[in-house]
Amino acid sequence: MKFHQSLVISAAALAFSATAAFAQTTGPQGETATPSSEVTVSDELAASLQGQGLTAALLWHDQSDFVNAVTAGATDEFERLGIEVIITTSAAFDAATQRSDIETALVRSPDIILSLPLDPVTSAAAFQEAREEEVALVFLSNLPEGFEHPADYAAIVTDDLFQMGRQAADALAASIGEEGTVGWIFHDANYYVTNQRDNAFRTTIETDYPNIEIVAEAGISDPARAEEIANAMLLRNPDLSGIYVTWAGPAEGVLAALRANGNTTTRLVTLDLSEPVALDMVNGGNVVALVADEAYELGRAMAAAGARQYAGEETPPFVVAPAITVTADNIAEGWMQSLHVDAPASLTGN
């Protein structure tokens with residue numbers, strides 16, 4: 001999943017600290033996670049929805065490979081259920097644009113809306129209009145302020161956040177022989193998604209790998225500063241065995257810093273799929289693994305939750321899709337499993 005600094009929630013909603021040994025992902029209000037595989041629409045319910053002329057709107061925060069994969073998963077599930085997607089929008093990470101998108105969609109009276117709320121406060125007012133019109137709402141990762149389950153929304157659907165961080169730690173540890181020193185570059189913002197992923201990495205290293213020490217850490221809020229932050233970290237710690245970076249965007253800057261320093265030995269692991277970062281990995285560079293979510297599955301589960309709510313079937317409030325570790329050895333399979341598209345030719349040689 002791609003992130004942006006504007007995607008924040010109040011600190012009061014955060015239940016994860018750097019030293020907490022959480023065993024599983026929890027929601028923005030501490031909700032227990034339900035695997036997305038458990039959120040399904042039965043054949044009987046699907047048959048009952050067919051022919052009703054139901055419609056859906058996909059009101060996204062951005063345009064990206066990730067969003068395209070979520071859209072594909074949702075669209076395929078809606079097609080199975082006989083539900084027509086009548087509008088798809090991108091707010092380009094602008095909360096005011098998203099509010100306008102919601103208002104535009106409501107003119108067309110959709111039965112279901114899938115969306116990632118950009119700002120909890122601004123989004124709440126706009127989505128409340130949808131609730132008043134009894135639209136079934138499913139949210140990706142974020143929750144509008146004051147919304148309660150199940151009265152106001154069907155579910156929040158997101159990554160298995162803890163497993164993403166854990167798998168990143170396992171991959172980096174394996175690449176350095178389970179011993180050495182590492183740097184930890186985390187997202188310096190109160191956003192439960194990145195906070196849980198980042199802290200799961202740290203917790204796993206500290207709990208499971210006694211011969212690995214986190215000797216350098218730095219927070220990042222602006223991905224454009226990643227190279228600068230990495231240069232400072234490497235200046236103080238030139239012999240780091242590995243570095244964790246909160247997601248693939250800033251990881252590109254960290255890679256640039258490693259190259260500028262002539263560093264070919266420090267291993268790098270990050271989250272989310274990125275062609276430039278993956279290209280370094282398949283070419284035997286610093287990157288050893290990318291840990292991704294199953295974005296297509298996120299979309300499928302969101303569509304299923306929306307259809308279930310429309311039909312009066314309750315879905316658990318917080319749903320997570322599996323995490324997968326993508327390496328040079330499984331780049332084609334991993335890309336397909338996550339995004340439901342072929343990996344770029346630059347990565348496979350095809």
* When the range 243-254 is examined, which residues are found to be touching a Leu at 6+ places or on another chain (Cβ under 9 Å) and either over 25 Å from Glu179 (Cβ atoms) or surrounded by fewer than 24 Cβ atoms within 10 Å (Cβ to Cβ) (or both)? -> Trp247, Ala248
* Asked: Of the conditions (1) in contact with a Leu (Cβ under 8 Å, 6 or more places away or on another chain); (2) buried (at least 22 other Cβ atoms within 10 Å of the Cβ), Arg166 fails just one. Which one is it?
  -> (1)
* To do: Would you be able to say whether some residue in the range 147-162 is of a type in the set (Asp, Glu), in a loop (DSSP other than H, G, I, E, B), at pLDDT below 95 and farther than 19 Å from Arg300 by Cβ?
  => no
* To do: With the condition kept exactly as written, say whether any residue in the range 212-220 is assigned to a helix (DSSP H, G or I), surrounded by fewer than 20 Cβ atoms within 10 Å (Cβ to Cβ) and either under 23 Å from the mean Cα position of the chain (by Cα) or not hydroxyl-bearing (Ser, Thr, Tyr) (or both).
  => no
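The values are calculated or read from the model by the stated rules, or taken from the named source; none is laboratory data. Just so it is clear, the model here is predicted, and its values are computed rather than measured. Ideal geometry is used to build each Cβ from the backbone, glycine not excepted, and the neighbour counts take in all protein chains shown.
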